[in-house]
Amino acid sequence: MSEIQNTKPEFEIVNTKWSIRYLEHGWPTSLCRWHAHEEYELHLMLETTGKVFIGDYVGRFEPGSLFLTGPNMPHNMVTDEKKHREPVELRDMVIQFNRKTMDKAIEIFPELKELVYLLDSAKSGIEFVDYDMEKAKSYLAAIRDLRGVQRIVKFLEFLEDLNEWKQKSSLSFTEFNSQLSADSQSKINEVVNFVISNYHEKISLDEVASIANMSKSAFSRYFMKNTGNRFSDFVSRIRIGKACTLLLDTNDSIASIAFASGYNNLANFNRQFVSLKGMTPRNYRQASMSRLSRK
């Protein structure tokens, strides 16, 4: 997690006269940073492998990975510099769009209401697992190259296809309230960054309440109100996310990974892992390795 350690997400203001903004970039680039913005972002990875951070989710990306993040959801995709030493001309294809624009369109065209589920689900971040990379690339290239009504039509076709895609994976356990005041957002960010930096240590409610300058009971209510989750569940999600990366990146034993992820009790680690991932750490490692070998 050192890629974002002690760093608050940079808030990005997107300036565009169009309802859909297309951008692309290679690697390395200054655009690769821990940041958030009010727009939805649909992100296709074309080259390199590495770690993806979306809210409290920590996972892996590879060519073909396709993510959708909602408003104010902090995110970053960090290429593994040890594996990829040469610059890449085109790593990412991205489109950004605004919820207010979509809501207005849905009000005028009721047929678009079927997209509301997708937009609401994206508040937690979504990965479209095993979505065809060439198909996604074709959609994005068309959105890049077309203008006017044709561009809007292609964009809506893409969203419709993603909405119908069955293999969606919800990512961040914590949904960041898009209506938070600047002060509230700052307090939540400080707590999030503290947990990200210290997940492997014992984290007490006293510590995080002090960071937010609140009593323990007030902080617990505050965190629940603004994220929809208990603080202890948020910490578990961060720790299990780190464990998942270690299961993929190392050959370390399950026990050592549990301890490195902040768990002093192996049984509790296994129980938390199954609760969040639906399988044991061993089965997760086997299933992930099998999937990667088929790429």
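The values are calculated or read from the model by the stated rules, or taken from the named source; none is laboratory data. Here the structure is a predicted model, which is why all the values come from computation and not from measurement. Cβ: placed from backbone, ideal geometry, glycine included. Neighbour counts: every protein chain shown.
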Counting only residues in the range 64-85 that are within 16 Å of CYS32 (Cβ to Cβ) and in contact with a Ser or Thr (Cβ under 8 Å, 6 or more places away or on another chain), the one surrounded by the most Cβ atoms within 10 Å (Cβ to Cβ) is identified as HIS75
Output the residues belonging to the range 262-287 that are in contact with a Leu (Cβ under 7 Å, 6 or more places away or on another chain) and within 19 Å of PHE173 (Cβ to Cβ). PRO281, TYR284
Verdict on VAL52 being farther than 23 Å from TRP18 by Cα, assigned to a strand (DSSP E or B) and touching a Phe, Trp or Tyr at 6+ places or on another chain (Cβ under 8 Å): yes
Test result for TYR131, surrounded by fewer than 19 Cβ atoms within 10 Å (Cβ to Cβ) and closer than 12 Å to LEU42 by Cβ: yes
Taking the conditions exactly as written (of a type in the set (Phe, Trp, Tyr), in contact (Cβ under 8 Å) with a residue 60 or more places away in the chain and within 16 Å of SER169 (Cβ to Cβ)), does PHE128 satisfy them or not? yes
Can you tell me which of MET279, MET214, MET224 is among the hydrophobic types (A, V, I, L, M, F, W, C), assigned to a loop (DSSP other than H, G, I, E, B) and closer than 19 Å to ASN189 by Cα? MET214
Residue that is farthest from VAL195 (Cα to Cα), among those in the range 236-295 that are without any contact (Cβ under 8 Å) to a residue 24 or more places away in the chain and among the aliphatic types (A, V, I, L, M): ALA287
Mind listing just one residue for me: the one in the range 188-207 that is under 18 Å from the mean Cα position of the chain (by Cα) and of a type in the set (S, T, N, Q) and, of those, modelled with the lowest pLDDT? ASN189
Pick from the range 86-125 the residues that are without any contact (Cβ under 8 Å) to a residue 12 or more places away in the chain, under 15 Å from ILE152 (Cα atoms) and not charged (D, E, K, R): which of them is surrounded by the fewest Cβ atoms within 10 Å (Cβ to Cβ)? ILE108
